[in-house]
There are 4 protein chains.
Amino acid sequence: MIRIGVIGCGYWGPNIIRNFVQMPRVEMRKVADLNVEQLNHIKCLYPTVETTIDYKEIVTDPEIDAVAIATPVHTHKRLAVEALENGKHVFVEKPMAGCIADAEAMVETAKKHELQLMVGHTFEYHAAVRKMKEIIDSGLLGDIYYINCQRLNLGIFQKDINVVWDLASHDISVVLMLLEKEPNQVMSIGTSHINPSVEDVATTTLEFNNNIIAFIQTSWLDPNKVRKMTVVGSKKMLVYDDIQANEKIWIYDKGVEVPERYDTFGEFNYSYHYGDIIIPRIENKEPLRSELSHFIDCIENGSRPITDGNNGLRVVKVLEAAQRSIAQGGVNVRVNSLFEHYN
Amino acid sequence: MIRIGVIGCGYWGPNIIRNFVQMPRVEMRKVADLNVEQLNHIKCLYPTVETTIDYKEIVTDPEIDAVAIATPVHTHKRLAVEALENGKHVFVEKPMAGCIADAEAMVETAKKHELQLMVGHTFEYHAAVRKMKEIIDSGLLGDIYYINCQRLNLGIFQKDINVVWDLASHDISVVLMLLEKEPNQVMSIGTSHINPSVEDVATTTLEFNNNIIAFIQTSWLDPNKVRKMTVVGSKKMLVYDDIQANEKIWIYDKGVEVPERYDTFGEFNYSYHYGDIIIPRIENKEPLRSELSHFIDCIENGSRPITDGNNGLRVVKVLEAAQRSIAQGGVNVRVNSLFEHYN
Amino acid sequence: MIRIGVIGCGYWGPNIIRNFVQMPRVEMRKVADLNVEQLNHIKCLYPTVETTIDYKEIVTDPEIDAVAIATPVHTHKRLAVEALENGKHVFVEKPMAGCIADAEAMVETAKKHELQLMVGHTFEYHAAVRKMKEIIDSGLLGDIYYINCQRLNLGIFQKDINVVWDLASHDISVVLMLLEKEPNQVMSIGTSHINPSVEDVATTTLEFNNNIIAFIQTSWLDPNKVRKMTVVGSKKMLVYDDIQANEKIWIYDKGVEVPERYDTFGEFNYSYHYGDIIIPRIENKEPLRSELSHFIDCIENGSRPITDGNNGLRVVKVLEAAQRSIAQGGVNVRVNSLFEHYN
Amino acid sequence: MIRIGVIGCGYWGPNIIRNFVQMPRVEMRKVADLNVEQLNHIKCLYPTVETTIDYKEIVTDPEIDAVAIATPVHTHKRLAVEALENGKHVFVEKPMAGCIADAEAMVETAKKHELQLMVGHTFEYHAAVRKMKEIIDSGLLGDIYYINCQRLNLGIFQKDINVVWDLASHDISVVLMLLEKEPNQVMSIGTSHINPSVEDVATTTLEFNNNIIAFIQTSWLDPNKVRKMTVVGSKKMLVYDDIQANEKIWIYDKGVEVPERYDTFGEFNYSYHYGDIIIPRIENKEPLRSELSHFIDCIENGSRPITDGNNGLRVVKVLEAAQRSIAQGGVNVRVNSLFEHYN
């Protein structure tokens, strides 16, 4: 029985609590938040869960094995480090931290204390994303040319992080997982229309080796909710539309055929192929449930989480590069590889 | 009766010919193309139209009043200038020319000979785009925050121009028309996956005064045909989806309300409004027909075309800036205003 | 504090329990079901709720004020009557009963004991259905010509009732509410392809006064989930598509104009009008929550539920007529009015 | 070179003319219509085509080999018979005639003169319908349970035929082709809301051997254009949505599994299977072009058209049965088989 404390039950926290409550091998023990009203609501839903306004009562509770943190980003590092230092395994919401230094500190602390540190990049546990990964790895799409992502909707506006940290973090995590590479450079253009100090719309470009590119469009100011990724390969193309209730992944047998060899000064013709579309069946399972089960598994087995601290840090590196690019009007910012260093 | 000659009947030319054939006040007289098979096809469809492989037979024909040019971009300038110097009015397909210098030469020649020079920016004659313009001008949307455009599909690959010149030229022309401004700077990131010397996917950003921004995504390598513009304003938001058969424009009564005055260090809350959606009825008329009728009107009345040479030149300026940006890996390129100069 | 017992926690019961648990003025006290595993699941979710395999422990419990019944249809009458005779208010799932006689007995018992009897016609509490009703009552659509309903999906197969009792009961309840009339006659054609004794696909027609007609298509064997109602009026047309996440109601300003007077032997022309489409904002609230709150309100205030026993009986009358029509290969079956009798 | 005359150039005739003009092995010679304005329009589009207001000039012209008839239904028989008696092959629009007797007379006349008589059931030449037929014939769907058709839109109101003759004729022709059977009985319920003597909305049911059923919904009063057929089989399900630009056919690997043998009084459970969806590529070809090419082929080769007179007569039989059913309020009307008789 893993005994859990949750810090933060604002927007996302209640989903974490609900999932832990429903897991047989978990005891959902205590919840901390500064908002008493929110705590009362949790108490009403789950009378057996204890509540407190003091997070210290969680990080120091000897009856708690693991802590889930769903608070504003700038508090992640302090809470995670304190919990780790008190011998708790830590699950922290994404983005892991607001800067590389904080993320590195978290990774180091977990390493030192030999505890689990897992980051809530939920989409990496989404059955549709897993299916995409499987399709790409099978070679069905051929070589990847580019990935185009859109994540748009009408806010919730954040006050401490901009739209890139809030929304693009999902796409970055998925793109890095799909490609199994880090980008060499990042460019991002963002503007703010509501709160002058927080960008609410941005377009971010990640450049990888082999001419692979990822475009990530994010907005808190779009009338429609869009969550879409298009993966264009040399053989086939794939669209993942997360808004669709059932038909989430479409595999298009479409492509352009380039003549084997041609004289660029002479005449040649492209040919196109168009074939059937396949919509594979995707199991309908709550990604957060899969993610939190994985966290419990890793604690029980001592195995390394798919989205461990290094995984989360890798995303923060790209986010920080994007932030710097925005600040300088969209210039190229190089990302140094973390792979050798941490893996 | 305006007597017309058409040069070029490859991909788009036949549509121009068909429209001129069906206009009562026009005599569709002669067509030139290097491809004899294509000419035979035209002859078969319209037995009364003359055909020739020598464009000179059109530009020098004293029985022809106006010439429509639908040939590859790099030939536009030479053909248009020759036609103008022979006293013909000229309609030239978009983009007007492959560089600013050529476009300027065309404008100058038309001015000198006091002849019409009109550019085929068809979307500016599209009933849905006209409706968008009307809605924006009425103030319904409030201040424009940003415009997001997507123009994606599989091919047709061009050999002499890249995806920006081919596809983004439409969005640029519409955005400039809607905003009635030119951008201060342009950034564009493009990559080529099929033909190494021609970009087939690109994302272009136009920055205007007052923090207005336009994002233009273009691809020749997307499995789905997308033609979409989202206009986000301070009061309402609008989506124009040209793929929809009937419901092309959606006006969303959605927005974020910022507190009148607030202390950025203190606490404040955004509020959101969500209201009805209105889908205005759009007249179903072929935009090319409206465009070519306008060309004939302008010849008959001596009035200036909506998409005259200066309008076309303005678009070329942005395209050339985007081209330069791509060549330098996405750097900012400033566009100097043409307004004072030419209008 | 109203103290609630729930009988039946199979497919729909858990939703009722969840809602009652979350209502502050309700004590969700006890749940009965024959399936122990199901009871354990409820116990795990809501440790404070008592469970039992004997429904008698609910209907005779003096600490229980009201009973909600979510069991197979053929048990409704017995359970409801027993609960009423023990002085409990009763909420019973739809359809209220498997035949008119049972429904009548339930209504009579509730009347005799002066207790609430409410039927779970949830859609009558759905914000979109309420909005439709409001639009129709405002006269916006003009005279109603016909209503076309589709309720299709793959399974879940029922064993004791056919697709008409299962699915069409929703449409019948909504249509009667919208029109505020009962049909004069009912025709239904149904066939069974999986279980030979239970129809799994059916088309049912309700004929009302004034040439108003309602078509109801139902299937347990359709690959797509469809929940759609089209209301065609003399002035405007309305589509309610419950599958849409947000845009559920579309009001079309479309219609046919008939010449004021015409000679049927001579020449005349219809004209059509096409105008804007309006998609009114619908509040996003769980209909079951509204329904159960209304039940509690009615108990507290002694007011009559919108979907009281007579309302439920009216639907059963149409269902029984449909059943008889199916049995005779689709013949017309007359429905005698219940209005004068019961109201 | 087959020389063609066309009688009727109102709504559909111009499409026939356009196709014949574009076929190399055909000479589109003469067009007759009572409407001079319409003739002038044709003359303007195709200056080499002769026009006349007297259809006799077509049926008696020795320079004409075949006549296409696109006039109101009640004139079909007289025009077709006259043309056949003058030695012309005949292509007649659907429905072939307004009653069985007329259709039979047409078939007899063609037989007697050994001339082609083909009916314009265009959908039987549609690439998507051909693909459906191929899929069904391959056994992929298993046994067919039922076919559900919807053909809805706003207008165009006909004055001489009702919505069943106008719209359901398409579905009937396709259903008979797919199943290769005639129905045993037909039920149809129709009502008229605009012109009291012409039904504008109807639901028609066709019952075949082996418990196969087809539902056909038709309306001239629906705000949306719907053209949809769902074919439910014991193994898979197929949806053909003709409104989709590209993805017209969806094959769903969905179904219900019935236990091999079960005791209906005991307990048993259905199981469901859900698999991938396949959207086969459909060639994008104008069905009318395929149809008219087939007509010319049959004249040249002396082969029997797919939609010959007997095919057209079979559809008229079902239509006449539906008509009689509507007149009697939806009663069952038996259709006697024509197969043995004519084939």
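Ratio of Rg to Rh for the range B:11-142: 1.03 [Cα atoms; Kirkwood radius as inverse mean 1/r over pairs].
Mean partner shielding of peptide A:16-28, defined as the number of other chain Cβ atoms within 10 Å of each residue Cβ, is 1. Placing pseudo-labels 7 Å out from each Cα toward the beta carbon at residue C:3 and residue D:245 gives an inter-label distance of 6.4 nm. With neighbour counts taken as other beta-carbon atoms within 10 Å, the residues B:236, C:133 rank, fewest first, as C:133, B:236. Would you mind getting me the FRET efficiency between residue B:334 and residue A:283? Use the beta-carbon distance for r and R0 = 45 Å, nearest 0.05. In this case the efficiency is close to 0.30.
Estimated from helical segments only, the mean residue ellipticity of the protein assembly as shown at 222 nm is -9500 deg cm²/dmol, where each DSSP H run of four or more residues counts as -39500 (n - 2.57). A P(r) calculated from all alpha carbon pairs of the range A:47-89, with 5 Å bins opening at zero, reads 5, 23, 33, 24, 11, 4, 0 percent.
Across chain A, the relative contact order, built from alpha-carbon pairs under 8 Å that are at least six residues apart, equals 18 percent. Can you give the FRET efficiency to the nearest 0.05 for residue C:303 and residue C:23, using r as the Cβ-Cβ distance and R₀ = 22 Å? That gives a FRET efficiency of 0.80.
Among A:200-211, B:309-320, the peptide with the highest mean count of other Cβ atoms within 10 Å heads the list, and the full ranking is B:309-320, A:200-211.
Using a Förster distance of 25 Å, how high is the FRET efficiency between residue D:180 and residue D:114, based on the Cβ-Cβ distance and rounded to 0.05? It comes out at approximately 0.40. Each Cα pair under 8 Å and six or more residues apart adds its separation to the average, and for the range D:87-238 the resulting relative contact order is 29 percent.
Calculate the tail of P(r) for the range C:192-312: the fraction of all Cα-Cα distances greater than 26 Å, expressed in %. In whole percent, the long-distance tail amounts to 53. Measuring against 19 Å, Cα to Cα, the residue pairs A:248/C:225; A:228/C:248; C:43/C:77; B:94/B:317 contain A:228/C:248; C:43/C:77 as the ones spanning a longer distance. Over chain B, all Cα pairs binned in 20 Å intervals from 0 give whole-percent P(r) values of 29, 56, 14, 2, listed from short to long. Per residue, the convex hull around the alpha carbon atoms of the range B:200-259 comes to 105 Å³. Using only alpha carbon pairs under 8 Å that are at least six residues apart, calculate the relative contact order of the range B:47-112 and give it in whole percent. Here the relative contact order equals 31 percent.
The spread of Cα positions in the range A:87-132, taken along each principal axis and listed from longest to shortest, comes to 35, 22, 13 Å. Each principal axis of the range B:83-183 carries a Cα extent, and these read 47, 34, 24 Å when sorted largest first.
In the distance distribution for the protein assembly as shown, Cα-Cα pairs more than 48 Å apart total 45 percent. For chain B, the share of DSSP beta bridges that are antiparallel, to the nearest 5, is 60%. Taking every residue in D:274-280 and counting other chain Cβ atoms within 10 Å of its Cβ, the average works out to 6. Relative to the longest principal Cα axis of chain B, at what angle does helix B:36-45 sit, 0 to 90 degrees, rounded to 10? The helix B:36-45 is inclined about 90 degrees to chain B. Counting only alpha carbon atoms, the long axis of helix B:100-113 and the longest principal axis of chain B meet at about 60°. Run the Debye formula on the Cα coordinates of the range A:169-227, all scatterers equal and no solvent, and tell me log10 I(q)/I(0) at q = 0.24 1/Å. Taken in order of the listed q values, log10 I(q)/I(0) reads -0.99.
Taken together, the values in this text are just the output of simple stated rules run on the coordinates, not laboratory data. As the structure is a computational prediction, the values presented were derived from the model and not from experiment. Quick reminder, even Gly has a Cβ in these numbers, built from the backbone with ideal geometry, and neighbours come from all protein chains shown.
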